[in-house]
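Peer 1: After the structure tokens below, expect a handful of questions from me.
The values are calculated or read from the model by the stated rules, or taken from the named source; none is laboratory data. Because the structure is a prediction, the values reported are computed rather than measured. Heads up, the Cβs are rebuilt from the backbone with ideal geometry, glycines too, and the neighbour counts pull from every protein chain shown. The area values use the complete protein model at the heavy-atom level, side chains included, leaving out ligands, DNA and RNA. Shrake-Rupley method; radii C 1.70, N 1.55, O 1.52, S 1.80 Å.
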Amino acid sequence: MKKYALILAAGKGTRMRTELPKCAYPILKKPMISYIIENIERSTIDEICVIVGHKKEVLKEILGDRVIYAEQTEQLGTGHAVLSAAPQLEDKKGVTFILPGDMPLMEYPLMDKLLRAHQEMGNDLTVVTMDMEYPKGYGRIVRNEYGSVIGIVEENDCNEFQKQIKEVNSSVYIVDNQLLFEYVRKIEKNDRKGEYYLTDIVKLMHQDHKVNTFMVRNPMITMGINDLYGISTAEKYLRDFINKGHMLNGVSIVNPETVTIGHNVIIEEGVWIYPNTTIMGNSLIKKGATVGPNSEIVDSIIHEKAEIRHSIVLESEVGENTTVGPFAHLRGHAVIGKNNRVGNFVEIKKSTTGEGTKAAHLIYIGDSTVGKNVNFGCGSVTVNYDGVKKHQTVIGDDVFVGCNVNLIAPIKIEDNVFIAAGSTVTHDVPKGAMAIARNKQINKEDYAKHFIKAKDDHK
Ligand code: UD1
Ligand code: CA
């Protein structure tokens, strides 16, 4: 049996009050719709059709050709949205899994479980429901005296009795594909709102077909996000869910409510994460590393036993046993070797360093290839930018760069070089040389008293 996913993502999301369309809005920096698609891709579903309409280019840009699209040109309700996928799906045999585009927290094992339940129960339509303590805003599940579901009533169409019903519609449906299109065509416009409600399919189908509900245990997962508060609620849930997963895998997280880890981050066991830390994108944190407090890691690899404190690491790599911070900034493919030290107020951009290199305080290294056991003195700078272009600095092994040295790129410093403090080095330095490029010091004997006297006179 072929399985299709149909995602409703054409709505305006008026309640969001944001420029971005709702389904493209990010949660933990990833668009809501991407969570849904990634999970469906991991499930047993064969084909994905996304219904787009309002700001469709934004969603198409995010999803590219991973899915097929149907277009709902006018937003006339969820029933109308499904009907606009008729050209793509109507002729197909199989079962269709309908998901709203504002429900990003359902993971693929639950999707598969719901599909299995639908088949095992022999249903024609399964409506996924949940029990809500405060059901406000959701469609209520209406049952007859035998307990069979006979309809869904939207909040605003509920009578006082129906308003008390706590079992609500999640907007997830599993339905025989051909019956879906047969019945969705029969849905009539809701007078009050002027929209075609997909929910009406229950009332239309239940007499002639087997319509059942499946109640999910955790209503957070099937929560629909309608506004920015909903976004924050989902984000909080997801953060806790992700952190819990890492903790159960042997990652220690101190004050986890202040630690935010993206959906695609991989963390090995024995890692410690301290408060106020964010790890995002395709980052990998390897065994025994320590990250935080107050750090931000994006799209980076932190190797075994490295330590990152109060620092920012973007699209970079930190070698085994290396310490970074406090207050360091690695970016643009900085690849730091093993046993390095990157200390306070050090920025490293698009550079590599060999094993055992140290840059302990107030240093800029950019567009450089640095060897092993190099020591950068306080305040040393690779001067990579001439106002127009960026240039390369190449430094060999066992080089000592004194304090406040400027290396004017392009420049090559060979192995075992010693550069005197305060030098502005404009030419390559050969292996084993000492470079000194600063004015000679003059001591004027007995001269200081003039200044000291001038100071006294001034008082
Ligand atoms: C819907 C359900 C409600 C359910 C709730 C669960 C209906 C009529 N109501 O209400 O029973 O309890 O979800 O969260 O179905 N969309 C379109 N085209 C449209 C309108 C909406 O594609 O013309 C999409 C939206 O982009 C959204 C999804 O459908 O992703 C749901 O729409 P929304 O307006 O959020 O429905 P709710 O009012 O939350
Ligand atoms: Ca909704």
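Peer 1: What do the square roots of 5 times the Cα gyration tensor eigenvalues come to for segment 76-128, in whole Å, largest first, as semi-axes of the equivalent ellipsoid?
Peer 2: 21, 16, 10
Peer 1: Filter the GluC sites (Glu not before Pro) in segment 162-191 down to the DSSP loop ones having no more than 14 other Cβ atoms within 10 Å, then list what survives.
Peer 2: For GluC sites (Glu not before Pro) across segment 162-191 that sit outside H, G, I, E and B with at most 14 neighbouring Cβ atoms in 10 Å, the list reads E188.
Peer 1: Could you estimate the translational diffusion coefficient of segment 212-338 from the Stokes-Einstein equation, with Rh from the Kirkwood formula over C-alpha pairs, at 10 °C and 1.306 mPa s, in whole µm²/s?
Peer 2: The diffusion coefficient I find is 105 µm²/s.
Peer 1: Hull surface divided by four, with the convex hull built on the Cα atoms of segment 1-101: how many nm²?
Peer 2: Mean orientational projected area (segment 1-101, Cα hull): 6.3 nm².
Peer 1: Charges only on Cβ, +1 for Lys and Arg, -1 for Asp and Glu: so what's the dipole of segment 387-459 about the Cα centre, in debye to the nearest 20?
Peer 2: Using only the charged Cβ atoms, the result is roughly 420 debye.
Peer 1: Moving on. State log₁₀ I(q)/I(0) for segment 408-459 at q = 0.13, 0.24, 0.28 Å⁻¹ as given by the Debye formula over alpha-carbon point scatterers of equal weight, solvent excluded.
Peer 2: Taken in order of the listed q values, log10 I(q)/I(0) reads -0.52, -0.90, -1.06.
Peer 1: Where in segment 1-106 are there GluC sites (Glu not before Pro) that are in a DSSP coil and have at most 12 other Cβ atoms within 10 angstrom of their Cβ?
Peer 2: Answer by residue number: E19, E74.
Peer 1: What is the extension gain from K210 to N144, computed as 0.36 nm multiplied by their sequence separation minus the C-alpha to C-alpha distance, in nm to one decimal?
Peer 2: Full extension from K210 to N144 adds 22.3 nm.
Peer 1: Let me ask something additional. So what is log10(I(q)/I(0)) for the chain at q = 0.11, 0.14 1/Å, when the Debye sum runs over its Cα atoms only?
Peer 2: Relative scattering, expressed as log10 I(q)/I(0), comes to -0.90, -1.17.
Peer 1: Would you compute, from DSSP H runs of 4+ residues alone, the mean residue ellipticity of the chain at 222 nm, taking -39500 (n - 2.57) per run and dividing by the full residue count, rounded to the nearest 500?
Peer 2: After summing the helix terms and dividing by residue count, I get -5500 deg cm²/dmol.
Peer 1: I'd like the accessible area for R438: 1.4 Å probe, protein heavy atoms, all chains in place, Å² to the nearest 10.
Peer 2: 130 Å²
Peer 1: Now for a different question. Return the percentage of antiparallel bridges among DSSP beta bridges fully within the chain, rounded to the nearest 5 %.
Peer 2: 20 percent
Peer 1: Given labels modelled 7 Å from the Cα in the Cβ direction, how far is it in nm from K390 to E155?
Peer 2: 5.0 nm
Peer 1: Assuming 0.36 nm per residue, please report the length gained on full extension of the stretch E120 to K193 beyond their Cα-Cα distance.
Peer 2: 22.6 nm
Peer 1: Within segment 390-431, which trypsin sites (Lys or Arg not before Pro) sit in a loop by DSSP and count at most 16 neighbouring Cβ atoms inside 10 Å?
Peer 2: Sites meeting the loop and neighbour criteria: K431.
Peer 1: Oh, and also: For segment 43-91, what is the convex hull volume of its Cα atoms per residue in Å³?
Peer 2: 90 Å³
Peer 1: Note down the magnitude of the dipole of the chain about its Cα centre, charges +1 on Lys and Arg C-beta and -1 on Asp and Glu C-beta and zero elsewhere, to the nearest 20 debye.
Peer 2: Using only the charged Cβ atoms, the result is roughly 1200 debye.
Peer 1: Next question, about the same structure. For the chain, return all DSSP H helices satisfying: extent of Cα atoms along own axis at least 24 Å; mean Kyte-Doolittle hydropathy at least -1.0.
Peer 2: TM-like helix candidates: 228-248.
Peer 1: Next question. Evaluate segment 358-459: find the radius of gyration of its Cα atoms, find its Kirkwood radius, and give the ratio Rg to Rh.
Peer 2: Rounded to two decimals, Rg/Rh equals 1.18.
Peer 1: Set the Förster distance to 22 Å, then compute FRET efficiency between V254 and K29 from the Cβ-Cβ distance, nearest 0.05.
Peer 2: So, using R0 = 22 Å, E works out to roughly 0.50.
Peer 1: Counting only heavy atoms of the protein chains, get the accessible area per residue of the chain (1.4 Å probe) and round it to a whole Å² value.
Peer 2: 50 Å²
Peer 1: Still on this structure, please answer the following. Using alpha-carbon positions, what is the distance between the centroids of segment 171-225 and segment 56-115, in Å?
Peer 2: 14 Å
Peer 1: Considering the zone a paramagnetic label at T424 would reach in this model (a point 7 Å from Cα along the Cα-to-Cβ line), which residues of segment 346-368 have amide N under 20 Å from it?
Peer 2: Only 363-366 fall inside the zone, counting backbone N under 20 Å.
Peer 1: Next question, about the same structure. Taking the radius of gyration and the Kirkwood hydrodynamic radius from Cα positions alone, what is the Rg/Rh ratio for segment 295-442, to two decimal places?
Peer 2: Radius of gyration relative to Kirkwood radius: 0.98.
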